[in-house]
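Trainee: Handing you a structure now.
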Amino acid sequence: FIDQHAAHERIIYNRLREKWEKREIVSQPMLMPFILNANAQEYAFLEKNFNVLRDMGFEVEEFGNNNVKVSAVPVDLQKIDLDAFFREVLSSMESLRAVRLVDILKDRLATSACKAAVKGGEMLTVQEVRALIDETDGDMGMKCPHGRPVAVKMKKSEIEKLFKRI
């Protein structure tokens, strides 16, 4: 059995991480830029980390009065809620001083991959199901970035026991 959400989440996360590590991230320009209104402290933190954000595939720049303009996002995160993403990063800004933003952003990539992945119970086309199976490559040890198993294997006899057939 494959957990379609966990499998898709792992696939998205692996793609993002691999592209980010190889610096092959493709950005998706936005039709309307996102403007993040920050206070002076938040803006200073973000400005200091513009290069990290750019390396991840975000196109960010100063937009006056402590505002940040986001004009493009990593293509694999094009459905990301930018306000929630940046607020989550900034909400733990004080504790980030001791931790590298790169590590925090990897965690945020996992969260973003989770939110961008298909949901459990969502109807998939036959092609989408095959793509999930192909990309997980039958790896029974694969887990989503949060540690949940992507797939479990059950014997026919175990299923029959559940239905009191044996």
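The values are calculated or read from the model by the stated rules, or taken from the named source; none is laboratory data. Since the model is a prediction, treat every value here as computed from it, not as a measurement. Positions of Cβ are backbone-derived with ideal geometry, glycine not excepted, and every protein chain shown enters the neighbour counts. Calculation scope for accessible area: heavy atoms of the full protein, side chains included, ligands and nucleic acids excluded. Shrake-Rupley method; radii C 1.70, N 1.55, O 1.52, S 1.80 Å.
Trainee: Is it the case that some residue within segment 45-58 is modelled with pLDDT of 90 or more, open to solvent by 40 Å² or more (accessible area, probe 1.4 Å) and touching a helix residue (DSSP H, G or I) at 6+ places or on another chain (Cβ under 9 Å)?
Mentor: No.
Trainee: Another question about this same structure. Could you list, ordered by first residue, the pairs with Cβ atoms under 8 Å in which the first is in segment 46-66 and without any contact (Cβ under 8 Å) to a residue 40 or more places away in the chain and the second is open to solvent by 70 Å² or more (accessible area, probe 1.4 Å) and among the polar types (S, T, N, Q), at least 6 apart or interchain?
Mentor: Within 8 Å, the pairs are 66/37; 66/39.
Trainee: Restricting attention to segment 140-153, which residues are open to solvent by 60 Å² or more (accessible area, probe 1.4 Å) and touching a helix residue (DSSP H, G or I) at 6+ places or on another chain (Cβ under 9 Å)?
Mentor: 143, 146, 148, 149
Trainee: Which ones in segment 59-83 are in a helix (DSSP H, G or I) and open to solvent by less than 40 Å² (accessible area, probe 1.4 Å)?
Mentor: If the condition is that a residue be in a helix (DSSP H, G or I) and open to solvent by less than 40 Å² (accessible area, probe 1.4 Å), then 76, 77, 82 are the ones that fit.
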